[in-house]
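The values are calculated or read from the model by the stated rules, or taken from the named source; none is laboratory data. Predicted model only: the values in this text are computed from it and were never measured. Neighbour counts run over all protein chains shown; Cβ positions are idealised from the backbone, glycine included.
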Amino acid sequence: MALIGEWIRRLGYLLRRRAHEDDLRREMEAHRALLEDSRAFGNTLRLRDEARDAWGWTWLDDFAQDTRFALRTLRRSPGFTLTAVVTLALGIGVNIGMFSLVNGLLLRPLYERPDEVVGVYSRSTSPPGEFRGVSYQNYVDLREGTTDIFATLAASSTVFAGLDVGEGAKRTLASGVTANYFQVFGLPLALGRPFTAEEEWLGADIRVAIISYPLWEQRGADPGMLGRLVRINGEQFAVVGVAREGFTGTGIPGPEVWLPLGAHDSFRTTGVSAGRPFGGRDEHELTVVGRLRAGTSSETVAAALATVGRRLEQAFPAVNAGYTLEMSAPWRLMFIPGPGSGAVTASIALLLMIMPAIVLLVACLNLVDLLLAREQVRRQEMAIRSSLGGGRGRLIRQLLTEGLLLALAGGAVGLFLSRWATTALLASVRPVLPVAVSLPDLGLDWRVLAGTVGFSLAATLVFGAWPAWAATGRAVVTDLKRHVGEDGHRPRGVRIGNALVIGQVALSLLLLSSGGLFLMSAISAATADPGFRLDGGLLVEVDPSLAGYDEARGRQSQLALVDRLRTVPGVEAVTIGSGFPFTSFGDSRSVAPAGAADAQSRSVGAVFSVIGRDYARVLGLPMLGGRDFSDAELASGSLERVAIVDDALAEGLWPGEGALGRLIQFTDEEGPGVGQPIRVVGIVPAVKHSLGNPRPFPHVYVPLGQHYESAMTLQLRVVDQEAERAMLATVARVIRSVDERVPVLRVETWRDHLDAGLDVWLYRAGARVFSAFGGIALLLAVIGVYGVKSYVVSRRTREFGIRIATGAHPRALLWQVLREGGRITAVGIGIGLLLALGAGQLLQGFLYGVDRVEPVVLVTAPLVLLASSLLASYLPARRATKVDPTVALRSE
Amino acid sequence: MPPRADLLPGTLDVLVLKAVSLGPLHGYGVLLRIEQMTHGALLVEQGALYPALFRLEQQGMLGTEWGVSDNNRRAKFYRLTAAGRRRLKEDTASWNRLAGAMAAALQTRAGEV
């Protein structure tokens, strides 16, 4: 209470302070008039200041005064101000850019009152720790059993689906949701209505859809979108709503379309439950998310969930035994059935922020350098002010205010730069993603603005504190007697400058060499030998299920395409397969020798592909043994199960013994045919499946007839390798002429396929970001070297003048300055190399095809630095040789 | 004139409150009243009074109004507020305790403890 009263008084004073000041002055004058000796009153100005202190607003006055003064000073030295602001803009800008990314991906809440929104997970108790989804029936029981703790409890199941809004189908993420799903997040739709309870009922099959805001925007943000028909996996769905801008559900990336769970069987065509009617108690594919009633404690929730979990176990032991229900914050980076972890989130954020922080540190070292040089010029000013009674604290505050203004200006410019950079980064992600998704909003919000101010404040303290301390604590009298610029030899200042440059060079080298490692990774990833011949290869990705075709029709469509493409002139050979190397999605199996007692422990993980005729031939793989699949095996319903394996798998199963003719089994297969022996009829060489594997990954191939996969890639080998690109259009046209409804997801050359893949993109992005950061740090370091060398040369003008006058050759002076520049750079490089080796160790897991000690990088980066630094020293050095002795000697 | 003593830190506030408690005063009047009350034994620097007055006003111990002084000049008059009266009482009590304790301590002779 008293505190509030105090502030009201203070505020009153602030509003009427002119009047208060006048009062104070008049009152003191009246008093002085009454005295016989008015001098006895004391210093009225000082006393008035003291009295004002009592009002509690002095700091604000001081701050305003400091700001005005700082603005004036900075305006007087535009060169310094510009250099400082640009330096800080670069340093702070990269931090804001990265922070926007961290904010969008990890921090910014995706919905209203996020602390009330929790995920409910089904966790196995024996063995403990394994998470699975929740079946619809379990979800309904859970919802009904917890109405007192959850205001809303919703469920969703996210799948890949073909979406056609009139421009041909593309693969996208679709989410089947309960009717109350949108209610959980407290974010009403931008347009239209949510789903109804009737639409949620299983088997209702009411085909309605809610589309994402970006999708609606791409379609011209047309309000007439409601009621429009879109095709999902070939079936028509009516649009009834548009989700709110930025809405992605619980996670990132979000789906592009939401559908009622009741229509599940119409859009679910892939995955474990494809083809089976949805809703069985054993179909654990839902992710459950709910909003707690206000004020519910987590203990209450845990207890209630455990109770429901036990009840479900007792009522349906066949499917629920050994599983309990748990609550946790929804995991926002993926739609996986398990909960996320705050610690993981924090460590990702921290990792991402380390790099830009180093750049900012380099920028700050530059500022320290600039400020120390400037301090020399301002020593007289400081001396005068302190002799007039300016306390050290007050002077430091003044200097820090100046620094803060610079940092805030740099932050503002940096904010602008970072907007541009993050937009560019986001735009470069979209084309390489294998599916269309809703990406998070990286826009401005209060966190980014607060981050900008925070980075500016932190930078001010880092670069400002020490120079301000150094500038103010010095013998006043000696400084007063000095002339500006006169300084004799000040080895301390030079030593500090050199130390700063060494630090900058070392940190720049750290960033540059990290960038170099990523660059090398990107290069070796792009030129990696995939294990098969790339030239003249074309790839077509199709998925008849996206047109709503069932297995029979899908097979027919796939084979028709293969047959038709074989007849296209210029095409040498055509084959078909699931999971072409370097595609993002791949199926896998655990393979073990058939009939082995220890099958589980002997099993080897292998990429599982269904292939058609000539697969090995089209990829340019020789048969190392055995034969290709026969026509009978490729046709559906053949007798014996057969497979072709690669030598990597053969070696894994029977080291040194050969696998041809032996029997294998898949130990993780479900459904009919499980554990059936499969005869190995052919051996092919191994190919790489993704760049992440340093060695070729084992593969097992089964014939088309024995397994149906709707998502397939057609592989073509063209006769004229030079014209492979020209063939793309022809192939696309031919496919459309065969079956218009089957969406063609991708037509590209194998080389482009590898280049445009997510793998290569990641290394490229790493190279780009690290190189950008390294480049900025290099630029800053060069500016630093230039600054220090210029300073040294200007300090020693007289010395150089005398030496020239006494006959020193200008070239000798040039060499001397260059040598000094080279020496500190060399020390910086030495330290930087140690840092770079450490960083290589840390980064090793993210690199591809390069060693953590990469000689090319460890030689090139220092050379670049040394050259830049010598160039930066050269300009001041040349100035040293141009010193006119007569001028130099007169000048001081 | 008796020898003068410098003020102990913190004593000016309570002296000002006491002076004003005897009737509203302007700044110069406060000084004169303190001199009268202490029989000129305490030295108050003329100007140092004002920061103290402002501090007390700020704390709500003193109220102010403009009036006319004895020599017909406009002057700001200070009076004690209810809060000021409470503070004066508390401060007086604590001063008396301190002064008593100090006196007792300083009069102690050997053998008494």
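Numerical summary
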item	result
Identity of the residue in the stretch A:717-742, touching a Lys or Arg at 6+ places or on another chain (Cβ under 9 Å) and hydrophobic (A, V, I, L, M, F, W, C), that ends up nearest to A:Leu546 (Cα to Cα)	A:Val742
Residue check, B:Asp70 within 14 Å of chain A (Cβ to nearest Cβ) and in contact (Cβ under 8 Å) with a residue 60 or more places away in the chain	no
The stretch A:329-360, subset hydrophobic (A, V, I, L, M, F, W, C) and assigned to a loop (DSSP other than H, G, I, E, B), residue modelled with the highest pLDDT	A:Ala329
Any helices (runs of 4 or more DSSP H) falling wholly within the stretch A:581-664 and containing at least 2 residues that are assigned by TED's automatic domain parsing to the domain that holds A:Gln558 and among the small types (Gly, Ala, Ser)	A:599-602, A:647-653
Residue list for the stretch A:542-559, filter: surrounded by 14 or more Cβ atoms within 10 Å (Cβ to Cβ) and among the hydrophobic types (A, V, I, L, M, F, W, C)	A:Val542, A:Leu546, A:Ala547, A:Leu559
The stretch A:231-243, residues that are touching a strand residue (DSSP E or B) at 6+ places or on another chain (Cβ under 9 Å) and at pLDDT below 90	A:Arg231, A:Ile232, A:Asn233, A:Gly234, A:Gln236
Single unsatisfied condition, A:Arg108 versus (1) closer than 26 Å to A:Asp222 by Cβ; (2) crowded, with 19+ Cβ neighbours inside 10 Å	(1)
Any chance A:Leu153 is closer than 25 Å to A:Pro253 by Cα and modelled with pLDDT of 90 or more	yes
